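To keep things clear, I will list the structure first and then write my remarks on it.
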Number of protein chains: 2
Amino acid sequence: MSPPLARLHQTLPQLVLRTDEDSLRHYGQDWTRYYPPAPLAIAMPATVAEVQGIVRWAREHKVALVPSGGRTGLSGGAVAANGELVVSFERMNRIGSFDRIARTVQCEPGVVTAALQQYAADKGLCYPVDFASSGSSQIGGNIATNAGGIKVIRYGMTREWVAGLTVVTGAGELLELNRGLAKNNTGYDFRHLFIGSEGTLGFVVGATMRLTLPPAPQAVLLLALPALADVMRVFEVFREGITLSAFEFFSDQALGHVLARGHLPPPFEARAPFYVLLELDDPAHAGDATALKLFERCLEQGWVLDGVMSLSLQHARELWAYRESISESITPYTPYKNDIAVNISRVPAFIASLDALLAANYPDFEVIWYGHIGDGNLHINVLKPSALPLEAFRDACEQVNEQVFALVRDFGGSMSAEHGVGLLKRDYLSVSRSEQEIALMRSLKSAFDPDGIMNPGKLLV
Amino acid sequence: MSPPLARLHQTLPQLVLRTDEDSLRHYGQDWTRYYPPAPLAIAMPATVAEVQGIVRWAREHKVALVPSGGRTGLSGGAVAANGELVVSFERMNRIGSFDRIARTVQCEPGVVTAALQQYAADKGLCYPVDFASSGSSQIGGNIATNAGGIKVIRYGMTREWVAGLTVVTGAGELLELNRGLAKNNTGYDFRHLFIGSEGTLGFVVGATMRLTLPPAPQAVLLLALPALADVMRVFEVFREGITLSAFEFFSDQALGHVLARGHLPPPFEARAPFYVLLELDDPAHAGDATALKLFERCLEQGWVLDGVMSLSLQHARELWAYRESISESITPYTPYKNDIAVNISRVPAFIASLDALLAANYPDFEVIWYGHIGDGNLHINVLKPSALPLEAFRDACEQVNEQVFALVRDFGGSMSAEHGVGLLKRDYLSVSRSEQEIALMRSLKSAFDPDGIMNPGKLLV
C-alpha cells in the first residue's frame, strides 16, 4: 500500500479500500474500451462523512478522484487511467424516505436506475427516465451525465427529475441544493450546474428524485418509409395532429441486424429503406382514430409505404422490440458510435449532408442509422468489417469524425446529445461550446474544485 | 449630461438615452415602492451590439447597470436607486423566427409575456407560463427571475420553457447558451445558471422559448373547507386519484375582499373558513366522474363542506375569477407580502406553526392567506389598518418577518418561492442558502461579471 493510501486507511479505518488486480480493472473503466484502466485503488464509502474525508485526504495528498457509478458511460467519464482513486458509490445504495404527497423519494447515489423504477412501481408511481443500461447505471451517474434515453420527447432528461441534490464539492464542502422544493427562487441554481457536470465539480452524495403517475398503456405505430427525408415529414404530420411520447427511427440495415438474431418476425411483408416507431401520449385512447387518419394522410402523400398499429399492450411491446434490440444486435461489430443532435427542424437538411458525407467517406463500412429523432438526436454506428484490424478501423473513423463534427458545428448542433463529453470527446468540446464558454467553465470548476482533484482531464483538458 | 454619459452618447450615437425626470422615476423602480428611484439615465438599446457597447462603457467608467424589463417585480430587482444606468429592453421587443417542428420561437428580451402568449395562440399553440402581470412583464425579466405563476403544478416555472439563451455577460462577452437544442450534454449548462440570476451575471439579449399544444378546456372545482388543515387532506385525495393542473387555496377573508368589489356573486350559500380551487388535467374529460367521487369522499370525511364543478368553459373562468381577483382586491390595503414555500408534504405542519405565529404577532392586522399550495407556495398578505402610518406598519411587519423566516429555515423552506431576492430579501438570503453557497455565488458572479457592474447590490450584498 502506497504511503498516501496507508494514510487514507489510517484516517478512515472503516472505509472499504480495494487494490486487487480484478477490482482495479473492473472499477477503472466504463463501457468505452479505449483506455487501459490504471487506478491507484478503489474506495467504497458508506457515508457522506467518508466521502468528505476522502476529499480532504485527496486535497492534502494531491490525488485525483474519479466518481464511479454503474460505469455504463460511453465517453470515458468514469475511466481511471492515471493513478486516480476511484470512489465507487455501490455501498451507498439505499432508497430513503418516500414522500407520497410531493411524489419524491430520496436516493443515495449508488441506487441502480432499475431499482428506483421498481421502487416507484411498487408505490403505484413511475420513474420515467429509461435507457438500455437501466439495470446497471446508478442515479448518481445519471445525474452527473444528465442521462437521456427513449422517452425524452415526453419526459425530458434526468435533469427534469431532480428536485434536490446533496453534493460534496472538490473543496470538501457539503451543499444541500434546492432541498427538494418545487419553487425556490433564491439565486443561482447550483443543482442545475451539477447536473451534467460529469463529476468535475464534486460528488453527488444524495438526490431527491421526482416520481410521476405511470402512463396508461399507449398505442404504438410502426411505419415503413421509402426515404430518409420522409422521416421528418411524417414527424411533422403526427406532431401537429396528436401528442407523441416517442418518435424513433431506424434504417433497414438496423432492422436487418435485429432480424438476423432470429427472435422477431419481419414486421412487414416487404422491406423498406427506413422505419419509424411512434408512441401516442393519449391516456384515454381518444386519439387512436386521429392517428389512423394521420397515417392515411402520410400514405396518400407517399411518405409511408406500410404501417401497423398496436392492438394490445403485448403487441406494443413487440413493436418496441424492433427498436430496442438494435444496439445489442450490432455490438458484435465493434461499432464506432456517434451521438449527435441538431435542432429538430434542421434534421432533414443535416441528414442529407451527413448521408452524403458518410457515403463518400465510408464506402467500405456499414453505417447504421437510428435514434431519438423526435428530439433531434441521431445515433450513427459505423460497423467494423471483420477483416479490418481494430486500430485501423478506429483511425479511419476518427478521421471521418472530424468531418462529422465540422458539419455539426455548421448546423449549430451538439457533438454529444446524451453520452456526455468525458475523455472521448473532450478534445472536440469547442464544436459545441465557444472559447469564452470553455474559459468560464474552467473558472467555475476552480471555484468548486480549487485543487483540481475532481475527475481531472474529463470534460475539460 | 455627465461626462461618462456624454462619452456613452459619443461612442454609441444611435443609442436612445433618456434623462428626463419622468423617465428616471418611471424606469428607476419596480412594483415595490420602498426605494426612491435615482438612476443616472435610461438607455434603450435596439441591438445586441449596443448592449455590448454599453457593457464596455460601463466597465471603463465603473458605472453600475440595472437590466429593466416590465418592472413588475416584487423584490426590487429592477430598482435603480444609486446612480445606475438603467438598460431598458423595451425597444428589443421583436418576436423572431418561429419553428413549427421544434415548437420554439425566438424572442428579444423586451417581448411582453402576453404578446408571446398571443403569438403562440395565433399559431395554434400555447405559451403556458401565466401570471397576473403578463400584460406588462417581459420575457427577459421572466427569465432573469424564473417567473412562476398559476400553472406551475402542471407546466413548471419559466425555466422549463427556455430552450436557448443569448446573453451578454458582465465582461461584455456574447454567449449562445444551448442554441435551442433539445439534447446537448456538453458540459456545464450556463443557461440554467442565468435563469433566475436576477441580472447579476449579464443581460439576456435573446431567448428561444418553447411552446406547447394548448390544453383542452379543463374542468374546475371550487370547494369550501371547514379548516386550513383540511386543505392538504383534500390535495392528497385528489392528487392520488387524478392528474391536476392547478391546486390553489384562499381564506374566507380573501374571498370577502373579492366579493366586496361587487363583481362576483358568492360562490356558495354559506361562507366557509377556506376554499380550494382545483383544475383537472384531463383532456378527454374521462376523469370528471372520478373527480366527483373524490369530492364525495372528502365530503364524507368532513374535509369539504360544499363544492361546485364547472359545467362550461365560461363557468370554469368564473370560478377562476374568485382566485385571480384576490391580489387586486387587497392592493388598496398596502399589503405586506410574503412569498414562501416549503416542501409540499410539510405544508400542514408549517401552516399550523405559521398560523399560530401570525395570530400571536398580528393581533390587530388582517392576514390574508392564499397561494399555489399544490406546489408548496404560500402568499401571506398582511393588510395595513387604515389608521396606522405606513412606516409604523412596515416596521411591525419586518419584525414579524424575522420570525417567519426563522420558521421557514426550520422547515427547510424557501424565503422566496417565486418573487426572487432582489434588494428586498437580499439580507435574508442565508435563510435559504448556506454560507458556503453564498460564497460560491460570489465566485461565480466574479467569473461572469469581473468588475461587478451587473445589478450590484441585488441578490448578493
Using the beta-carbon distance between B:Gln403 and A:Ser2 and R0 = 51 Å, what value does 1/(1 + (r/R0)^6) give for FRET efficiency, to the nearest 0.05? 0.40
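Calculate the mean, over all residues of peptide A:170-183, of how many other protein chain Cβ atoms lie within 10 angstrom of the residue's Cβ. Present the calculation step by step, with values, prior to reporting the outcome.
Details: counts 0, 3, 0, 6, 2, 5, 4, 3, 2, 7, 7, 12, 16, 19.
Rounded to a whole number, the mean comes out at 6.
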Label point 7 Å beyond Cα along the C-beta direction, distances from A:Arg33 to other copies (nm, shortest first): 7.3
Any chance you could run the full-extension gain for A:Arg18 through A:His61? It's 0.36 nm times the residue separation minus the Cα-Cα distance, nm to one decimal. 13.6 nm
If I take the Cα coordinates of the stretch B:95-210 and project them onto the principal axes, what are the three extents in Å, biggest first? 37, 29, 26
Solvent-accessible area, 1.4 Å probe, carbon plus sulfur percent, for the protein assembly as shown: 50
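Quick check on the stretch A:334-431: what does the Kirkwood estimate of hydrodynamic radius come out to from the alpha carbon pairs, in Å? Please report the intermediate quantities before stating the final value.
Numbers: mean 1/r = 0.0731 Å⁻¹.
Over the stretch A:334-431, the inverse of the mean reciprocal pair distance is 13.7 Å.
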Dipole of the stretch B:110-229, positive direction: furthest Cα of B:Gly141, B:Pro217, B:Ala171, with charges on the beta-carbon: B:Pro217
Antiparallel bridges, percent of DSSP beta bridges restricted to the stretch A:1-109 (to nearest 5): 45
Explain nothing, just compute: Karplus ³J(HN,Hα) = 6.51 cos²θ - 1.76 cosθ + 1.60, θ = phi - 60°, for every residue of the stretch B:83-97 in order, whole Hz, x for Gly and Pro. x, 6, 8, 7, 10, 8, 9, 5, 7, 9, 10, 8, 8, x, 5
Under a 1.4 Å probe, counting only protein heavy atoms, A:Tyr34 has an accessible area in Å², nearest 10, of 80
What full-extension length gain, to one decimal in nm, is calculated for B:Ser136 and B:Thr11 as 0.36 nm per residue of separation minus the Cα-Cα distance? 41.9 nm
Rolling a 1.4 angstrom probe over the protein heavy atoms, how many square angstrom per residue are accessible across the stretch A:90-148? 35
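Grab the Cα-Cα distance for B:Asp122 and B:Asp252, subtract it from 0.36 nm times how many residues apart they are, and report the gain in nm with one decimal. Each step should come with its number before you reach the end.
Details: separation 130, 0.36 × 130 = 46.80 nm, distance 3.84 nm.
Taking 0.36 nm per residue and subtracting the Cα distance, the gain is 43.0 nm.
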For chain A, take the longest principal axis of its alpha carbons; what is the angle in degrees between that and the long axis of helix A:288-301, to the nearest 10 within 0 to 90? 60
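Tell me the net charge near B:Ala38. Cut-off is 10 Å between Cβ atoms, B:Ala38 excluded, with +1 for each Lys or Arg and -1 for each Asp or Glu. Each step should come with its number before you reach the end.
On the way: positive: B:Arg25; negative: B:Glu84.
Summing Lys and Arg as +1 and Asp and Glu as -1 gives 0.
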Compute log10 of I(q)/I(0) for the stretch B:3-90 with the Debye formula, placing one identical point scatterer on every Cα and leaving out solvent, at q = 0.11, 0.13, 0.19, 0.22 Å⁻¹, to two decimals. -0.26, -0.37, -0.78, -1.02
When only DSSP loop residues count, what trypsin sites (Lys or Arg not before Pro) in the stretch B:35-82 have their Cβ near at most 11 other Cβ atoms within 10 Å? B:Lys62
In debye, nearest 20, what is the charge dipole magnitude of the protein assembly as shown about its Cα centre with +1 on Lys and Arg Cβ and -1 on Asp and Glu Cβ, if you could check? 1120
DSSP bridge pairs, the stretch A:95-210: antiparallel proportion in percent, nearest 5: 100
From the label point of A:Glu269, set 7 Å along Cα to the beta carbon, how far off in nm is each other copy's matching point, shortest first? 6.9
Compute the Cα gyration tensor for the stretch A:257-313, then decide on rounded, prolate or oblate, letting a ≥ b ≥ c be the square roots of its eigenvalues: rounded whenever a/c is under 1.5, prolate when a/b is larger than b/c in the other cases, and oblate in all that remain. oblate
Between the Cα axis of helix A:313-324 and the main Cα principal axis of chain A, the angle (0 to 90°, nearest 10) is 70
Report the Cα centroid-to-centroid distance between the stretch A:112-139 and the stretch B:258-289 in angstrom, as an integer. 38
Report, in deg cm²/dmol and to the nearest 500, the calculated mean residue ellipticity at 222 nm for chain B, where each DSSP H run with n ≥ 4 adds -39500 (n - 2.57) and the sum is divided by the residue count. -10500 deg cm²/dmol
Could you pull the Cα extents of the stretch B:46-123 along its three principal axes, largest to smallest, in whole Å? 45, 30, 18
With DNA, RNA and ligands ignored, accessible area of A:Ile153 (1.4 Å probe; Å², nearest 10): 50
Pick out, from A:Val112, A:Ile195, A:Asn185, the residue whose Cα sits farthest towards the positive end of the charge dipole of the stretch A:95-210, with +1 on the Cβ of Lys and Arg and -1 on the Cβ of Asp and Glu. A:Asn185
Against the longest alpha carbon principal axis of chain A, how many degrees, from 0 to 90 and to the nearest 10, is the axis of helix A:347-361 turned? 80
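Can you give the direction-averaged projected area of the convex hull of the alpha-carbon atoms in the stretch B:151-220, in nm²?
On the way: hull surface 24.0 nm².
That works out to 6.0 nm².
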Among B:253-261, B:143-151, how do they line up from the highest to the lowest mean number of other beta-carbon atoms within 10 Å? B:143-151, B:253-261
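For the stretch A:395-461, what is the relative contact order in percent, using Cα pairs closer than 8 Å and at least 6 residues apart in sequence? It would help to have the intermediate numbers written out before the result.
Details: 40 pairs, mean separation 23.2, N = 67.
RCO, the stretch A:395-461: 35 percent.
Nothing charged except the Cβ atoms of Lys and Arg (+1) and of Asp and Glu (-1): what's the magnitude of the dipole of chain B about its Cα centre? Round to the nearest 20 debye. Can you show the working numbers first?
Details: 39 positive and 49 negative charges, 243 e Å.
It comes to approximately 1160 debye.
List the GluC sites (Glu not before Pro) in the stretch B:369-461 that DSSP assigns to loop (not H, G, I, E or B) and whose Cβ has at most 10 other Cβ atoms within 10 Å. Which are they? Don't jump to the answer; show the numbers that get you there.
Numbers: sites: B:Glu391, B:Glu398, B:Glu402, B:Glu418, B:Glu435, B:Glu437; in loops: B:Glu418.
Those that pass, being in a loop and sparsely packed, number zero.
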Quick one: putting +1 on the C-beta of Lys and Arg, -1 on the C-beta of Asp and Glu, what dipole do you get for the stretch B:334-431 around its Cα centre, in Debye to the nearest 20? 160
Teacher prompt: B:Thr331 distances to equivalent labels in other copies, 7 Å Cα→Cβ, nm: 6.3
Just the Cα atoms of the protein assembly as shown: what Rg and Dmax do they give in Å? 28.2, 93
Distant alpha-carbon pairs in chain B (separation over 29 angstrom), percent: 51
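Going from the alpha-carbon gyration tensor of the stretch B:220-327, what semi-axes, largest first and in whole Å, does one get by taking the root of 5 times each eigenvalue?
That gives 21, 17, 11 Å for the three semi-axes.
How many Å² of accessible surface get buried when B and A come together, counting both sides, probe radius 1.4 Å, rounded to the nearest 100?
Values: alone 20240 and 20250 Å², together 34070 Å².
The B and A chains share an interface burying roughly 6400 Å².
The values are calculated or read from the model by the stated rules, or taken from the named source; none is laboratory data. These figures come from a predicted structure and were not determined experimentally. We place every Cβ from the backbone using ideal geometry, glycine too, and count neighbours over all the protein chains shown. Ligands, DNA and RNA are stripped out before the accessible areas are found, and what is left, the full protein with its side chains, is counted by its heavy atoms. Shrake-Rupley method; radii C 1.70, N 1.55, O 1.52, S 1.80 Å.
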